[in-house]
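Undergrad: Submitted below is the structure of interest, expressed as structure tokens.
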Ligand code: TXA
Ligand code: MG
């Protein structure tokens, strides 16, 4: 299959809409990461997403809308809880996904057989225009091959999916750089399943205290059931082995182990002091920059070739830093060295 590289002009957005209406797959820009979109109400189109990404069928997809009214218009949920409405009012459009009891229009392929559905109203104008052009809600996971870092540019999507999907729309670099915050409102108490650009403090300022799912910070134990199936996989990983290093003596530690095949994923301030190849996480303490840089740097590590081991700085798991930590610890397959405990 030849993959069209489309631009974000009116004619190309219309073309993307037609492909989607006809059951095809299109890579689309959003403010978080690029999504691999299909008509959410067409089961065979949705099934093709899993095929193209090599995604396990038990991992449900997010349904993207371009208007809060789409939820009722398309019967996407069976209940739109009060707290979900309050969060929608405050944070949509934006990098927030809400899980609700699923409506009758949602095919089992989207919800992976669960009785809930994830809904997001992206803020990216091109994403909104494509959804409107398709005239249907779009199911879209991140547009990477399953397991690899999420794509934040159209070139990343092409790199992973060229020849496997009908088209990619280039809408520039993603603003946030990490996937949306996921919260469930289908449980008794609201619970954070995946941290992202909308922080715990922001959510709590609207609906009061929320729970944080165990899988956000810890590896699930063997046989433990994941509330968010995506969180159970090793994920976001470059081909090189990544080890997360906690503690202030990061540079000394890495320099003591320097060789040709070792690199550091570090703060800008560390670069001069390190004797290995460096990739940036952004400045120390600047969580939003770190979120923006992370996936791009993980991809650059693979592209630079010859690197087998990466020591990564461990960001403070607070605010947007919680999302950076959550992705990095998965990229590291939960391998952590704590310098204070050595
Ligand atoms: O920012 C984003 O959310 C991007 C862009 C494209 O919108 N999409 C994205 O999709 O990250 P994906 O498929 O890579 O991640 C969706 C996550 C997975 O961890 C999945 O398990 C979880 O959301 N999820 C989806 N539906 C769910 C449900 N009904 N219950 C629990 N978790 C769900
Ligand atoms: Mg993903």
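Undergrad: Taking N as the number of residues in the chain, what value does Rg over Cα atoms divided by 2.2 N^0.38 Å take?
TA: Scaled against compact globular proteins, the figure is 0.98.
Undergrad: In deg cm²/dmol, rounded to 500, what helix-only [θ] at 222 nm does the chain give when every DSSP H run of at least 4 residues adds -39500 (n - 2.57) and the total is split over its residues?
TA: After summing the helix terms and dividing by the residues of the chain, the value is -8500 deg cm²/dmol.
Undergrad: Tell me, what is the FRET efficiency for residue 90 and residue 284 to the nearest 0.05, using R0 = 35 angstrom and their Cβ-Cβ distance as r?
TA: Working from the Cβ atoms, E equals 0.70.
Undergrad: Now for a separate question. Tell me, in nm to one decimal, what length is gained between residue 275 and residue 18 on full extension, where the rule is 0.36 nm per residue of separation less the Cα-Cα distance?
TA: Between residue 275 and residue 18, full extension yields 87.3 nm more.
Undergrad: Using a ≥ b ≥ c from the Cα gyration tensor of the range 272-342 (square roots of the eigenvalues), is it rounded, prolate or oblate, where a/c under 1.5 gives rounded and otherwise the larger of a/b and b/c decides, a/b for prolate?
TA: Numbers: a/c = 1.44, a/b = 1.18, b/c = 1.22.
Judged from the Cα gyration tensor, the range 272-342 comes out rounded (a/c under 1.5).
Undergrad: While we're here: Each label point is 7 Å from the Cα along the Cα-to-Cβ direction; what then is the distance between the points at residue 2 and residue 68, in nm?
TA: About 4.5 nm, to one decimal.
Undergrad: Hey, can you rank 10-20, 167-177, 67-77 by average C-beta count inside 10 Å, highest first?
TA: So the order, starting with the most tightly packed, is 167-177, 10-20, 67-77.
Undergrad: Okay, next question. If the chain between residue 108 and residue 82 were fully stretched, how many nm would it gain, using 0.36 nm times the residue separation less the Cα-Cα distance?
TA: 6.8 nm
Undergrad: Treat each spin label as a single point 7 Å out from the Cα along the C-beta direction, and report the residue 225 to residue 243 distance in nm.
TA: Taking the simple label geometry, residue 225 and residue 243 are separated by 3.7 nm.
Undergrad: Can you give the relative contact order of the range 178-320 as a percent, counting alpha carbon pairs under 8 Å and 6+ residues apart?
TA: Reported relative contact order: 24 percent.
Undergrad: How big is the range 73-119 in terms of Cα radius of gyration and Dmax, in angstroms?
TA: For the range 73-119, the Cα radius of gyration and maximum Cα-Cα distance read 10.9, 30 Å.
Undergrad: Could you tell me what % of all Cα pairs in the range 206-258 have separations over 18 Å? Provide the component values of the computation, followed by the final result.
TA: Numbers: 795 of 1378 pairs.
Taking all Cα-Cα pairs of the range 206-258, the fraction more than 18 Å apart is 58 percent.
Undergrad: Could you sort 245-253, 118-126 so that the peptide with the highest average Cβ count within 10 Å comes first and the rest follow in order?
TA: Going by the mean number of other Cβ atoms within 10 Å, highest first, we get 118-126, 245-253.
Undergrad: What ranking do 205-211, 319-325 get when scored by the average of other Cβ atoms within 10 Å per residue, highest first?
TA: Values: 205-211: 13.4, 319-325: 22.9.
The most tightly packed comes first, giving 319-325, 205-211.
Undergrad: Quick one: length gained pulling residue 214 to residue 309 fully straight, 0.36 nm per residue minus the C-alpha distance?
TA: 31.4 nm
Undergrad: While we're on this one: With an 8 Å Cα cut-off and a minimum separation of 6 or more residues, compute the relative contact order for the chain in percent.
TA: Values: 802 pairs, mean separation 65.8, N = 342.
The value is 19 percent.
No value in this document is a laboratory result; all are computed from the given coordinates. Everything quoted here is computed from the prediction, not taken from an experiment. Don't worry about glycine lacking a Cβ; one is built from the backbone with ideal geometry, like all the others, and counts go over all protein chains shown.
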